[in-house]
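Report on one structure; see the data block that follows.
Each reported figure results from applying straightforward, stated rules to the coordinates on display, with no laboratory input. The model shown is predicted, which means the values in this text are computed figures rather than measured ones. Heads up, the Cβs are rebuilt from the backbone with ideal geometry, glycines too, and the neighbour counts pull from every protein chain shown.
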Amino acid sequence: MTTPWAAYALVFAVAAATTWAITPIVRRVSVRLGAIVRPDERRVHEVPTPTLGGAAILLGFLVAMGVAALLSDFDDVFVNATEPIGVMVAALLMYMVGAYDDVRDMSAPAKTAGMILGGSILSFAGVSLLILRVPLFDVFLLSPDWSALLTVVWVVGMANAINLIDGLDGLAAGIVAIGSGAFFLYSVELIDEGALEAGSIGPLIAIVTVGACVGFLPHNFHPARIFMGDGGALLLGLLVAASTISVGGRSSQAFTGQTYFFFAPIFIPLFILAVPIVDVVFTIVRRASQRSQLTAPDKGHLHHRLMRLGHGQRRSVVILWTWTALMSAFVLYPTYTGEGDVIAVLAIAGLILVVYTIFHPGARRSRRDAEIV
């Protein structure tokens, strides 16, 4: 099957343009509703900022999916409308849960229940883990109960990962854009190699998600004029989960290039989205060691640590974007070439990035000034 690159480019452009055009309107509505985040001790922004930007991302996603439904190139995806409708309904629900929390402060149990409901809608619509290939072991065909449970766990995990990393202007949107772009390229290669069915909705969700994030970033990069809020973060987490489930949970083949044959598709997002996932793991360990609630906010996240090293918001965001790009290259290069000799190059690039992060002149100067004060 030939990849419909022009159709994918069109829905990407629609998602990006729609999100970009609607965001200023959403910003004004957010201000009128009083949905504004004010600076405090746990946030790094310095001026009151509207926080319902996730609505623009949602509308960009929905409009692009509507356009995709009209294109003959995606007939295989929409021949059974259950999955696309299920994803869109779950996306709307996840945004509403997060937006309510942005405005009224929802309790942690209620917020988790909303995420579980979103994952359950995906599972009910057929967007669920059916196959679990464990590297170096075997392929497991999941029973309906296990399929539903693991789907919900995956959705809740991804939603929380994106939500926790959304602490600096443009950070979450950029990481999701890079990660979803990499996963899009990975999944279309699986389809071209016959390792995944042509009607998979995964690549479409991924490229539309990239478009929505790209359209939102001009308004969200530092200094941000609007935040995506929990509504946008939970929405993006669900979309990332839906695309990865549709690919990783449907392919029984271990195709990732000749070198990394032991990887399974469902584990690929763990590499591409290593930054938010590592942040979640560190957060759980840190809060457990401090005997504090897992939902208690703090300033111990990766982006906070970078800022304490002396990096400003923009540089901290670009550093974490670069890590995401390096991890994406780690997955994509062997997938497309069947060779693993890029590992040494990526290791050197990673080492350079570490040295840059620690010894950048601006960071050293900021630390020196802080010591003097």
What ranking of Ser123, Ser128, Ser289 emerges when the number of other C-beta atoms within 10 Å of each C-beta is taken as an exposure proxy, fewest first?
-> Ser289, Ser123, Ser128
How would you rank Val285, Val152, going from fewest to most other Cβ atoms within 10 Å of each one's own Cβ?
-> Val285, Val152
Simple SL model, points at 7 angstrom along Cα→Cβ for Leu117 and Ala21; separation in nm is 3.2 nm
Report, in debye and to the nearest 20, how large the dipole of the range 5-297 comes out about its Cα centre when Lys and Arg carry +1 and Asp and Glu carry -1 on their Cβ.
-> 940 debye
Sorted from largest down, give the three principal axis spans of the alpha carbons of the range 5-297, whole angstrom values.
-> 51, 48, 33
For the range 89-173, with equal point scatterers placed on the C-alpha atoms only and solvent neglected, what are the log10 I(q)/I(0) values from the Debye formula at q = 0.24 1/Å, to two decimals?
-> -1.15
Ranking Glu83, Glu193 by Cβ neighbours within 10 Å, fewest first, what do you get?
-> Glu193, Glu83
Residue-by-residue Karplus 3J(HN,Hα) for the range 83-92, coefficients 6.51, -1.76, 1.60, Hz, glycine and proline x = 5, x, 5, x, 5, 5, 5, 5, 4, 4
Pop the C-beta distance of Thr2 and Val89 into the FRET formula with R0 = 45 Å and round what comes out to the nearest 0.05.
-> 0.90
Estimated translational D of the range 154-244 in µm²/s (Stokes, Kirkwood radius over Cα pairs; 4 °C; 1.567 mPa s) = 97 µm²/s
